[in-house]
Amino acid sequence: MSLPQAQQETQSFVKQRWLGNSRRFASLLEGLLYLLPSILLFTVFLFYPLMKTLYLSFFYSDAQGVPLSFAGFDHFVQLFSSSSFMTSMKATLLFVLYTVPPGIILALALALLANEKLRGIGFFRTIFSSTMGMSVAASSVIWMFMYNPAIGIANRFLTWAGLSEIQWLLDPGWALISVSIATIWMNTGFTFMILLGGLQNIDSQLYESAKIAGVSRFYSLRKITLPMLSPTLFFVITVSMINAFQTFGQIDILTKGGPMETTNVIVYAIYKDAFINYNVGSASAQAVLLFFGILIVTLIQFKLGERKVHYQ
Amino acid sequence: MSWGQKLFTYALLLIAAAIMFFPIIYAFLISFMQGGEVLQGNLWPEEFTLANYINAFEKVPLLTYLFNSLIVSFLIMLGQVIFSSLAAFAFVFIPFKGRNVLFFIFISTMMIPWEATMVPNFQTVQMLGWLNSYTGLTVPFFAMAFGTFLLRQQFKTIPKELYEASQVAGISNFRFFRSVVMPVSKTSLVTLGMYCFLTAWNMYLWPLLVTNDEQVRTVQIGLKQMQSQEISTEWGVVMAGVVMVILPTLLLLFLGQKRLQEGLTKGALK
Amino acid sequence: MKAVQLKDIRKSYGQNPEVLKGINAAIEPGEFFVLVGPSGCGKSTMLRIIAGLEEVSEGELIIGSETANRLRPNERDLSMVFQNYALFPHLTVEQNIMFGLHVKKIAKSEQIKRCKEAAEMLGISDYLMRKPKELSGGQRQRVALARAIVTHAPICLMDEPLSNLDAKLRARMRSEIRQIQRKLGITMIYVTHDQTEAMTMADRMMILNHGEVQQVGKPLDIYNNPQNTFVASFIGSPPMNLTAAHVNKGKLQIANKWNIKVDGYQDGEVIIGVRPEAILPANEGLPAADVKVANVEVLGTETLVSFELEGNKQWIAKWPGQWSAEIGEILQVSVDHNKIELFDAVTGERLEKTHSKKVLEVVL
């Protein structure tokens, strides 16, 4: 090989290496280009406002939400010493407790029923998932009417059953429960649909081999269905809890946080503070607490889930 | 299953269905009653009348609200499907440094409760002059981590060889996206679209915050308005409104229940 | 018709051990070149590197006369057929065949003409309007071939294209692919794990194992002169019988059954290889030894007889015709001493024949 030729080859090699690097760079640019729309919107409408919320929670602001003076932890201190916030916390946690476990058990029962291979089962599946098509506003209006003390079906049913009537949404002892019942109904459709999907993903050969082994249906439910369904259950529990923390619509229509603030769950409290009382600082502090609350719930879920869930 | 077991299962199914579907049937029945009957607490209308519907359309601009909801839901659906599929495409087919980190950030946005950001978001939209506009109602929701996640799962099932065959043929990435990935994933896109439409149609808090003008108000807020105006007197009219609101989504759900279920489970579980 | 040259090609992913450990080869223009080896040997990686779907870590890849290391796949002037065919499910057969031709700036009428030609050549003209899922496995395979043909690329890469077909169809497609390649005169680089495919189709083949070249050559040369024990056992069906033996003072002792006189080998352990067809029934004047039959498979035109050598070790003999032998029966067999291969006991490398070997005596 002559010298100039070798030189030329080295040059071509250098050029190619450069081409390779620039290609990788181009690939990065191209990837980011596809992601740009989403990144932009996440930044403007999620990351930035999250930071801003954090920021606002440390300031006193005017009615428009313009920060005026540094407040330090004043808003948080105030919150934890206010009985109103404590009521709100209690309402939120109770609401989660009232809606999540019963809601999932109900949906699971329906899904197990609807997983049977029977003629016309499609009809029942559609009925059970129907509340997924129901908006919170419409559902709340219907339940509001059902809870109407004078003409609603709820009290008529109680009378018919020989029980005394209840002031559903107006009784501080019953309001949160009433809202919870309505909420469970609203969420059943979605939860049912996901759980049914999870059930149908279980390999039918597992059941067949259980049948050949001659175990009871209850045994195969406990030993096959539930373990195999655990990833789905895990997902459903996480989503349901997060949803419960974020409840707003049914409160706004059914009770407006009352009576005596017994249904003043956190998102409704934030809404009232920010857009009715114009106390943006306090609202932001509560929003920060909501964020961390959900973060902790999710992290705990994942920590527990790691150990308990059987992935196929 | 033996006959007895079958009968028992059917009985349970029927009872469960009756209870679950009762509130919806109830709303339908009330919407066809005359005012007096409603106040007597009847269950079945003596005579089916459309008076409540006529009334509802006359008293509130229900048609405008329905139209607004349709536009808003459609725009959100379109935006979410397009943005999600673009992002998912990059996450599956374009290898670049930091892709996994970015994906993790995308997924972690699912943990941020939207309500925790609503105050600054309201300020942003106000500053942009987007209050009482379709833009303000829709654009903040275009980016969607769940949709990106769902479509990424779908795109990953596309054989890598299809992409490689395109590379050998010299097809550009965008063309591959447009003429192979999108058509091949039609089913998933439709499922996601349905889900997006449903959630957008049912949105409540954000439209409540950013609209106070009847011209852009969505039907959910219209319903709240009806309910608070008519509450004590005309339940039949309110229920007519309810029926108008739920009819489109119920129909959508009845038509696509199976597909929606399959699509969502796939996304949730893998 | 382009040549492809691999110069010390290496490939590794991150910190993991190398997948390809310095591959050298020169593939001639118009040649049918087969890359063969067990799964995980790196043959597909090799092909994907040539295609440009994977980057080279080290070394040089030359296509035609230019370095191609950094060229995009479509700049390499080649076509590729994938194992799962990579047909676009939403396009018709015709659209699939013409897929991507527009990028090469080929006029629509020319595209259609080429598509018709290719379809005719492969006998799929009747299915042009169908979708891939309406086709059988064999038809899909033909569509994939047609798609490679219409590009008129001088090099065609195939990655296990027949592995999803049943045995009968596979045999037919083997000869069809071979005929098309000859007719078009393209350079074919063909990956397979099936040694029969490699033997029957290749002009030349390269045997890979653990990312290293074991042997390159014409199928028969490799069959007759395997470079090492791996090649010996990989090529040929049933595989070559390999057994440890030792050389003692010019005598090769095999399992206390045969003693063979050899020259030019040092005393010590070796591995001997005997092709099944080199083990003969004892009727040709060669010294024979008694063996016990362990299994008999009569295949119609030939018979495979397994017999016990020593301990659990079995050998297989392949005899033409139909033989009836009972399990446990004692047969007398001989070994064709001219066809015995010797390998190093440690490295497995072939020991070159320097002198003739002779069957000296049979120890009973």
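Within segment C:282-354, which GluC sites (Glu not before Pro) sit in a loop by DSSP and count at most 14 neighbouring Cβ atoms inside 10 Å?
Sites meeting the loop and neighbour criteria: C:284, C:326, C:329, C:352.
Give, rounded to the nearest 20 debye, the magnitude of the charge dipole that the protein assembly as shown has about its Cα centre when Lys and Arg contribute +1 at Cβ and Asp and Glu contribute -1 at Cβ.
Taking the Cα centre of the protein assembly as shown as origin, the dipole is about 940 debye.
With the full set of protein chains in place, find how many percent of the accessible area of segment C:4-232 is carbon and sulfur; take the probe as 1.4 Å.
The computed percentage sits at 46.
Starting from the Cα of residue A:70, step 7 Å toward the Cβ, then list every residue of segment A:288-302 with an amide N under 14 Å from that point.
Zone members listed by number: none at all.
Please compute how much accessible surface disappears when B pairs with C, both sides summed, using a 1.4 Å probe, and round it to the nearest 100 Å².
Looking at B and C, the buried total is near 1500 Å².
Taking the full set of protein chains and a 1.4 angstrom probe, give the accessible area of residue C:208 in square angstrom, rounded to the nearest 10.
0
State the Cα centre-to-centre distance between segment C:267-326 and segment A:46-67 in whole Å.
Each part's Cα centre sits 88 Å from the other's.
Just to confirm the number: angle between the C-alpha axis of helix C:137-150 and the first principal axis of chain C, 0 to 90 degrees, nearest 10?
Orientation of helix C:137-150: about 60 degrees from the principal axis.
Using a 1.4 Å probe over the heavy atoms of the protein chains, calculate the carbon and sulfur portion of the accessible area of chain B as a whole percent.
67
Pick from C:94, C:60, C:120: which residue has the top mean-square fluctuation in a GNM of chain C where Cα pairs under 10 Å get a spring?
Among C:94, C:60, C:120, the largest mean-square fluctuation in the Gaussian network model of chain C belongs to C:120.
Buried accessible area for the A:B pair, summed, 1.4 Å probe, in Å² rounded to 100?
Protein heavy atoms only, the A-B interface buries about 8000 Å².
Chymotrypsin sites (Phe, Trp or Tyr not before Pro) within segment A:59-97: which are DSSP loop residues with at most 15 other Cβ atoms inside 10 Å?
Loop-located and lightly packed - A:73.
Cα atoms only, segment A:152-238: Rg and Dmax in Å?
Rg and Dmax of segment A:152-238, Cα atoms, are 19.8, 56 Å.
Taking every pair of alpha-carbon atoms in segment B:1-153, what share in percent sits in each 10 Å bin, from 0 to the bin with the longest distance?
Reading upward from the zero bin: 9, 19, 20, 21, 21, 8, 2.
Which residues of segment B:197-212 bury at least 10 Å² of accessible area once all protein chains are present, versus their chain alone (1.4 Å probe)?
B:198, B:202, B:204, B:205, B:208, B:209
Pull up all non-local amide H partners of residue C:303: gap of 5 or more, or a different chain, and H-to-H distance under 5 Å with H placed in the peptide plane.
C:319, C:321
For segment C:1-112, compute Rg over Rh where Rg is the Cα radius of gyration and Rh is the Kirkwood radius from the inverse mean 1/r over Cα pairs.
Reported Rg/Rh (Cα atoms, Kirkwood Rh): 1.02.
Longer than 19 Å from Cα to Cα, which of A:90/A:272; B:160/C:21; C:2/C:108; C:251/C:292 are they? Say none if no pair is.
B:160/C:21; C:2/C:108; C:251/C:292
Let's see if you can work this out: charge +1 on each Lys and Arg Cβ, -1 on each Asp and Glu Cβ, no other charges. What is the dipole magnitude of chain A about its Cα centre, in debye to the nearest 20?
980
Given the options C:127, C:85, C:223, which has the most mean-square fluctuation in a GNM of chain C, springs set between C-alpha atoms less than 10 angstrom apart?
Most flexible of the set in this elastic network: C:127.
Solvent-accessible area per residue for the protein assembly as shown at a 1.4 Å probe radius, Å²?
In whole numbers, the protein assembly as shown has 45 Å² accessible per residue.
Roll a 1.4 angstrom probe over the protein heavy atoms and tell me the percent of accessible area of chain A that is carbon or sulfur.
C and S fraction of accessible area: 67 percent.
Span-like helices, chain A: DSSP H, alpha-carbon axial extent 27 Å or more, mean Kyte-Doolittle -0.5 or greater, which ones?
In chain A, the long hydrophobic H runs are A:3-42, A:83-114, A:175-200, A:226-245, A:280-308.
About the Cα centre of segment C:108-253, how large is the charge dipole given +1 on each Lys and Arg Cβ and -1 on each Asp and Glu Cβ? Please answer in debye to the nearest 20.
That gives a dipole near 300 debye.
In degrees, nearest 10, range 0 to 90: what is the angle between the Cα axis of helix C:108-122 and the longest Cα principal axis of chain C?
Tilt of helix C:108-122: around 30 degrees.
Any idea what Rg and Dmax come out to for segment A:81-308 if you just take the C-alpha atoms, in Å?
Considering segment A:81-308 through its Cα atoms, Rg and Dmax are 20.3, 67 Å.
Tell me, what is the FRET efficiency for residue A:292 and residue C:266 to the nearest 0.05, using R0 = 56 angstrom and their Cβ-Cβ distance as r?
0.10
Ratio of alpha-carbon Rg to the 2.2 N^0.38 Å globular estimate for segment C:4-232, to two decimals, please.
1.02
Arrange the residues C:339, C:2 by how much accessible surface each exposes, largest first, with a 1.4 angstrom probe.
C:339, C:2
With a 10 Å cut-off between alpha carbons and a GNM built on chain A, which of A:123, A:192, A:145 moves the most?
A:123
Quick one: plug the Kirkwood hydrodynamic radius of segment C:248-331 (C-alpha pairs) into Stokes-Einstein at 20 °C, 1.002 mPa s, and report D in µm²/s.
For these conditions, the coefficient is 152 µm²/s.
Which value, in Å² and to the nearest 10, is the accessible area of residue A:208 when all protein chains are kept and the probe is 1.4 Å?
Result for residue A:208: roughly 100 Å² accessible.
What whole-number distance in Å separates the alpha-carbon centres of segment A:146-198 and segment C:165-197?
For segment A:146-198 versus segment C:165-197, the Cα centre distance is 71 Å.
By its C-alpha gyration tensor, with a ≥ b ≥ c as the square roots of the eigenvalues, how is chain B shaped: rounded for a/c under 1.5, else prolate for a/b larger than b/c, else oblate?
Because a/c hits 1.5 or more and a/b fails to exceed b/c, chain B counts as oblate.
With the dipole of the protein assembly as shown worked out from charges on the C-beta (+1 for Lys and Arg, -1 for Asp and Glu) around the Cα centre, which of B:264, C:135, C:306 lies farthest toward the positive end?
Of the options given, the answer is C:135.
What base-10 log of the normalised intensity I(q)/I(0) is obtained for the protein assembly as shown from the Debye formula, alpha carbons as equal point scatterers, at q = 0.09, 0.10 Å⁻¹?
Treating every Cα as an identical point scatterer, log10 I(q)/I(0) equals -1.06, -1.18.
Enumerate the helices in chain B for which the Kyte-Doolittle hydropathy averages 1.0 or more and the C-alpha atoms extend at least 15 Å along the helix's axis, using complete DSSP H runs.
Both cut-offs are met by B:3-31, B:62-93, B:235-269.
The values are calculated or read from the model by the stated rules, or taken from the named source; none is laboratory data. From a predicted model like this one, the values you see are computed outputs, not experimental measurements. Cβ sites come from the backbone with ideal geometry, for glycine too, and all protein chains shown count toward neighbours. Just the protein is used for accessible areas: all its heavy atoms, side chains included, with ligands, DNA and RNA removed. Shrake-Rupley method; radii C 1.70, N 1.55, O 1.52, S 1.80 Å.
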